[in-house]
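**Student:** Here it is, the structure in full.
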Amino acid sequence: MKPRHYSDFFSMPAKQPLLCLSLFMSCIAPVALAANSNEALADPTPTLALYQTVDNNTEPACAFDLPGYGSGTSVKLLPKKTCPKVEDKVIDPHSLRIRNVPIATRFLLTSVASCDKSEKNAAWIELETTRANASLEKLGIDKLWTYSGYVTNSGLDSNAPSRGFKVTAKGDPIKQGSLSCIQVTTSAGSN
C-alpha cells in the first residue's frame, strides 16, 4: 500500500475527514470527563424527610439536610419546633424517609424533645448505617419496631428497597405522631 501524502488529504472523499474527526473526539472525550471526575463522583447530600398524613389524603413533608461523610458531628433535629405547621398545628410525623447517608451514621429517634432515651416515659429506637449512601425508604415510624437487625422494607410510595439501615437497639415504640427528636451522629472517618 502506498503511503498518503499531505496533499492527498484534500482530495479524499468527504467521509474520511469526518471519520478522522470522530476518532479524534472519541480520544479526547474520556480525558475531559476524567478531569471532572471528582465533581461527578461527589456523594449526594444526605437528607431526612418526615411526612404527616392528613384528612385530604395529602402528606405534607418536612426535610432536613444531614451531616456529610467524615464530619464527625452530632445534630439534634426537633421537628415539632422547626417544621412548618400542618393545618395550623404542630407537625405529627407519621412516616419518614432517609437517603444518601454515609456509612457509620447513628440515628436516635425519641418521643421526648431532649433526645434522652433514659428520660422517664421516653419511647425510642436507634438505627445505624452499614454502607455508604444508605437509604431508609418511606416507612411508617411505628413500623420500625417490627425489625430486628436490617430494615428490609420497600418504600410506601416508590417500592424502592431500603439499603444499609440496621436497628441496633430499641425501647418502647414511639406512638404514631409522637416523634419529637432525632439525634444524628456521623463518624469522623477520613476523607
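Readers should treat all values here as calculations from the given coordinates under stated rules, not as data from a laboratory. The model shown is predicted, which means the values in this text are computed figures rather than measured ones. Positions of Cβ are generated from backbone atoms using ideal geometry, with glycine treated the same way; all protein chains shown enter the neighbour counts.
**Student:** What is segment 38-97 by shape, rounded, prolate or oblate, if you read a ≥ b ≥ c off the alpha carbon gyration tensor as root eigenvalues and call it rounded for a/c under 1.5, prolate for a/b larger than b/c, and oblate otherwise?
**Tutor:** Because a/c hits 1.5 or more and a/b exceeds b/c, segment 38-97 counts as prolate.
**Student:** So, one more: For the pair ASP88 and LYS166, what calculated FRET efficiency results from E = 1/(1 + (r/R0)^6), where r is the Cβ-Cβ distance and R0 = 25 Å, to the nearest 0.05?
**Tutor:** According to the calculation, E is roughly 0.10.
**Student:** Could you give the size of the charge dipole of segment 43-191 about its Cα centre, using +1 on the Cβ of each K and R and -1 on the Cβ of each D and E, expressed in debye and rounded to the nearest 20? Mind showing how you got there, number by number?
**Tutor:** On the way: 17 positive and 15 negative charges, 61 e Å.
Charge dipole, segment 43-191, about its Cα centre: 300 debye, nearest 20.
**Student:** Let me ask something additional. Going through the cross-link list LYS85/LYS138; LYS80/LYS120; LYS81/LYS117; LYS89/LYS166; LYS143/LYS166; LYS85/LYS120, which pairs have a Cα-Cα distance over 23 Å in this structure?
**Tutor:** LYS89/LYS166; LYS85/LYS120
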